[in-house]
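Below: the structure, in structure tokens.
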Amino acid sequence: MIGTGATGVQVIQEVAKTAAHLTVFQRTPNFCAPLKNSPIDPATQKEIKASYPEIFAKCQQSGGAFIHLPDPRSALEVSEEEREALFERLYNEPGFGIWIGNFRDTLIDANANALLTEFIKKKIRQRVKDPETAEKLIPTNHGFGMRRVPLETNYYEVYNQDNVELVSLLETPITRITPKGVQVGDREVELDILIYATGFDAVTGAFSRIDIRGEGGKTLQEKWADGPHTYLGIQTVGFPNMFTLVGPHNGATFCNIPRCIEQNVDWVTKLINYMEEKHLAKVEPTEQAEEEWTDHVNEVGAMTLFSQVDSWFMGINQNIPNRKRTMLLYAGGNPAYREKCEAVEANNYEGFEFA
């Protein structure tokens, strides 16, 4: 297995159950958190479905549109006992609570984040028996939550198994793939199956893989060569009537996508209905609206710790050279994004030009 990102983590914990031997080639470790999934019996499922309106209403209040709401306190203003108690509770609860339902400043204040990061490091060292292996699994180039957090089920315990070996590519890089396996340094690791979990071009990749051309024949790749430029993350100048749902700068990209894509679709549907009522056939943003929104996305992103590390949040993909570092996500949160979209709608779609 090459890769220990979100895909790699999910595959590794399953393959390790049945493989005679699993070699994990890791370039960049990631901080992971327990998923804590469990079977749901029919009675509980019925209760959950009956509570959908309340659950979805709570999601609307959350920055990530999950049920997790941040603690209003600072991690720096509570006692060590209170802080550790919240960290422990969230770590053992299902979902993203440890990431987005934590103290209000763990993703915007480096000192607060450092406290959470040390807690997560401690958990990894407790779960992985071999100290050397544990240290290889702990990132040194970013704090917890500054990159997308993979959720796992017994991922760290996998490395306690006799049939699993971790190879750090920072120590011994892959030099070539051979007919028999993988060459790392002066060692050839022989394999029957090689699984690539080396990532993909997130956010913009789905658009750049299509030859989308706007007015004058300009491609979207050319338009976004130095990074995405959008208005509300929904449209881009020069590409009328094209809506980039769950695209760059969009509130749905850094969000519980089923909840947030619903907002995207509802909003665009209202816009199309507005155009039909007014007998309009074309819509695109003004250059000023696009510039101001793109600046706003980058300004909000700079207020978070996401902006301090290289990740796909910032448009950086180690497999794609010469990418400009720019914020791809709207980090202002789901409620703020909805408010901005609603304000544009209330002002007769201010910032858009119609024909």
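Laid out as a table, the results:
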read-out	value
Residue in the range 33-54 that is within 20 Å of residue 107 (Cα to Cα), modelled with pLDDT under 95 and not aliphatic (A, V, I, L, M) present	no
Test: residue in the range 156-168 that is within 30 Å of residue 39 (Cα to Cα) and modelled with pLDDT under 95	no
Those residues of the range 148-184 which are of a type in the set (Gly, Ala, Ser) and within 18 Å of residue 133 (Cβ to Cβ), in sequence order	168
Selection count, the range 232-251, where residues are touching a residue at least 24 places away in the same chain (Cβ under 8 Å) and within 14 Å of the chain's Cα centre (by Cα)	5
Residues that are of a type outside the set (Gly, Ala, Ser), without any contact (Cβ under 8 Å) to a residue 60 or more places away in the chain and loosely packed, with under 11 Cβ neighbours inside 10 Å, drawn from the range 7-44	18, 39, 41, 42
Identity of the residue in the range 195-225, more than 26 Å from the chain's Cα centre (by Cα) and assigned to a loop (DSSP other than H, G, I, E, B), that ends up surrounded by the most Cβ atoms within 10 Å (Cβ to Cβ)	214
Selected residue (criterion: nearest to residue 127 (Cα to Cα)) from residues of the range 157-194 that are among the polar types (S, T, N, Q) and not in a loop (DSSP other than H, G, I, E, B)	168
Residue check for residue 294: on the phi < 0 side of the Ramachandran plot, in contact with a Ser or Thr (Cβ under 9 Å, 6 or more places away or on another chain) and of a type in the set (S, T, N, Q)	yes
Among the residues listed as 313, 254, the single one being within 30 Å of residue 28 (Cβ to Cβ), outside any loop (DSSP other than H, G, I, E, B) and modelled with pLDDT under 95	313
Search result, residues across the range 135-174 that are closer than 25 Å to residue 186 by Cα and charged (D, E, K, R)	135, 136, 162, 165, 171
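Residues are listed down the side, and each one gets a yes or a no for (1) surrounded by fewer than 21 Cβ atoms within 10 Å (Cβ to Cβ); (2) over 21 Å from residue 334 (Cβ atoms); (3) not hydrophobic (A, V, I, L, M, F, W, C):
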position	(1), (2), (3)
97	no, no, yes
100	no, no, no
112	no, yes, no
117	yes, yes, yes
121	yes, yes, yes
128	no, yes, no
132	yes, yes, yes
136	yes, yes, yes
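The values are calculated or read from the model by the stated rules, or taken from the named source; none is laboratory data. Since the structure is predicted, the reported quantities are computational estimates derived from the model, not experimental observations. Cβ sites come from the backbone with ideal geometry, for glycine too, and all protein chains shown count toward neighbours.
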